[in-house]
1. What tally of residues in the stretch A:260-297 results from selecting those that are assigned to a helix (DSSP H, G or I) and over 12 Å from the mean Cα position of the chain (by Cα)?
2. Inspect all residues belonging to the stretch A:90-106 and state whether any of them is under 30 Å from A:Gly202 (Cβ atoms) and of a type in the set (Ser, Thr, Tyr).
3. For the stretch A:517-532, which positions are closer than 11 Å to A:Ala486 by Cβ and among the aliphatic types (A, V, I, L, M)?
4. Working carefully through the options A:Tyr445, A:Tyr416, find the one that is within 11 Å of chain B (Cβ to nearest Cβ) and either crowded, with 16+ Cβ neighbours inside 10 Å or within 23 Å of B:Ser97 (Cβ to Cβ) (or both).
5. Failed condition for A:Glu425, given (1) within 13 Å of chain B (Cβ to nearest Cβ); (2) among the acidic types (Asp, Glu); (3) loosely packed, with under 14 Cβ neighbours inside 10 Å, with all others met?
6. Report the residue count in the stretch A:347-381 for those that are over 15 Å from the mean Cα position of the chain (by Cα) and among the hydrophobic types (A, V, I, L, M, F, W, C).
7. Identify all residues within the stretch B:105-123 that are more than 14 Å from chain A (Cβ to nearest Cβ) and surrounded by fewer than 12 Cβ atoms within 10 Å (Cβ to Cβ); write none if there are none.
8. Taking the residues in the stretch B:86-104 that are polar (S, T, N, Q) and closer than 27 Å to B:Leu27 by Cα as candidates, determine which candidate is farthest from the other protein chains (Cβ to nearest Cβ).
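The values are calculated or read from the model by the stated rules, or taken from the named source; none is laboratory data. As the structure is a computational prediction, the values presented were derived from the model and not from experiment. Counting neighbours? That spans all protein chains shown, and the Cβs are built from the backbone with ideal geometry, glycine included.
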Amino acid sequence: MKIPLRLLLAEDSETDAALLIRELEKAGYEVSCQQVDTAGEMEEALRNDEWDLVISDYHIPGFGGREALRLLQQSGLAIPFILISGTIGEENAVEIMKAGAQDYLMKGNLAKLPAVVSRELAEAQNRRERKELQDELNTLLSISIDMIFISGMDGYFKRVNPAVEKILGYTSAEMLSRNYFEFVHPEDMASTLEIINKLREGYIIQSFVNRFVCKNGSIKWLEWNTRPLGDKYYSIVRDISERVLAQEEIRKANERFDLAVQGSSDGIWDWFPAEDLAYFSPRFRELMGYPATEYIGGMDALSQVTHPDDLERTVAALTAHLEGQGPFEVEYRLKTVAGEYRWFLVRGQAIWDEAGRPVRMAGSLTDIHKGKVAQEELTRAFNLVNEQNKRLLNFSYIVSHNLRSHTSNISAILRYIEETDSMAEKIEMFEKLKSVSQYLDETLYSLNEVVSIQTRMDISREMLCLHAHVEKALTLLCGMIHSRGAVIENRVDPEIMIEYNLSYLDSILLNFISNALRYSHPERRCHVVIDCLPEKTGWRLLIQDNGIGIDLDKHGPKLFGMYKTFHGNPDAKGLGLFITKNQVEAMGGCIEVNSRPNEGTTFNVYMP
Amino acid sequence: MSKLSSLWIVDDDKIYQFILKKNIEQLHITDTISSFPHGKEAIDTLRQLIENQSPLPDLILLDINMPVMDGWDFMEEYIVLKKQFEKTIPIYIISSSIAQEDKTKARSYEDIVDFLVKPVDLSFLSLS
């Protein structure tokens, strides 16, 4: 097969040119040749066409081999140049070879030409390939974002790519002129040395991390992938400073969070509403009494142990927060594993996705039980004291009022006794004095009774059959019942036993029943019903009559005050209801009254 | 002072009624003294007198704590009734109460001339 050869031939002799081409064709080249014999022609040919080879005669009038070589070199083309000459001195030959010609031949020795051409073409091909490799390598080195180091075993870098200067700030020359340990952060010296030793032993190093000190003094975290080859180490090195710092930030943030969670007396919760999954911190579990590891569930698990009285407002507050209305901060009771309801302050904050759906909510749980209970206790105590004070004040007014009316009477009567001369009048006055004394006695007795209820702290209780005690009261009142022809129904279930103070119970029953009899309606037979119904806690005693009733709008607020009577009944001293109320309250209950004038009255006595 | 023709005592304390009467008789300031055991009887009588166009009392001594209708309820009814007559009847509260709220309440009625605490000396009535 013919080898194509594009030949540029600088030659003034047609005969020599033909001889030369024939020689090449004989050797198997298919020669396409352009012959030039002036500098202008040569320049034009180099500019316009591609050539595999330039052959030039040494002697050309007005031109010549030296000039041809210069033009080729000037063009920058890497094409082999062979000089041919009829006569050429040794000196000239050496000189032109030095100038860059690949070879020279004598015209009488053209038979050697094909071998020379073959060799030179192969070498030219080699040179082109090497250059291409070099270019590729240079390009890769220059465009790499990662740093590339080629280091020698002598402790010096041999080659670094441009990325090195960008990242570390040192020029290539600076990098190559200093021992590479000079760049290593002092704290990483030992580990780096260890790696170098491994490389010496032939190990490939992957993802080794150390720090380099940059030209500006800052520190860079570098990740090395290094492979030893021959007497060199080839490294691709990535700047991972940002990643390391970001990780450090995350680690610190996590550590901060962990410390806060551990150090806080609050429990922490973290909830994913979509799946109702929640994380509860150890302290949270401790507060609620949950085991350290057992799965608890989501918020639903918490709502199941929320105090029923608090559930509605808690759910409302959570819903409002999840809908983006205001903060979530609620005080409510949760049942701990021990079965005790404790007060907690629960705070939280949700985050939402673009569609406005809550995706996550986290917050704290603070035990406020002690404070809450103390506060409630305080409020209770305050109300109690307040109530007690009011009663005391009221009581002192009553004492003053009642004693004053009697003593002023006594002093007035005594004055008249002194002033009058009539014996009959004196005797009349003494009679008055007697009745005042009797009233005073009664008053003091009643006041005593009130005081004893108010001051007795430990009232004894026993189990009493309510039905039996109603019967007892009815027996005591039988005279009054008989004289009025009253009908009394004791509907109390004989099974009902209540824990109460015996004398209070008798006094309460006696008072209400006698009241009902006393204020019976003149135009109809007195009918009283006594019953007892169960309540949420304890019992409700009912005493219902069809008597004259009480105008509650008018007298309601004063009904249980001392010395209030509302009917012109001569028996009414106005103390009965007051004492009864005190007794009922002393037992922890209360009294409710329903009444309409001319229809009747119902008293409800609550007995816990 | 010209002698009163009629003076009312409204008080449930029988002894006190008796004593007041004695006291007033000694002062010779009135021709008749009427006693009522509580406010309701007094108001009913007053209403009756107005209907019959009979002479009304010239002065009322009123207790506060009474059964059936106390002094304050009496005053409420009185204010309604007095629109039917022109006479100004001075009313004195006579009570054993030393509670400040009773005194303050008494001041809110223009018909109440004074609030007196038992025992009272009515001799000032003969001077005025």
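1. Total meeting the criteria: 10.
2. No, the conditions are met nowhere in the stretch A:90-106.
3. A:Leu517, A:Val528 - these are the residues of the stretch A:517-532 that are closer than 11 Å to A:Ala486 by Cβ and among the aliphatic types (A, V, I, L, M).
4. A:Tyr416
5. Only one criterion is unmet by A:Glu425, namely (3).
6. Number of matching residues: 6.
7. Of everything in the stretch B:105-123, those that are more than 14 Å from chain A (Cβ to nearest Cβ) and surrounded by fewer than 12 Cβ atoms within 10 Å (Cβ to Cβ) turn out to be B:Arg107, B:Ser108, B:Glu110.
8. Step by step, filter the stretch B:86-104, then rank; the result is B:Thr88.
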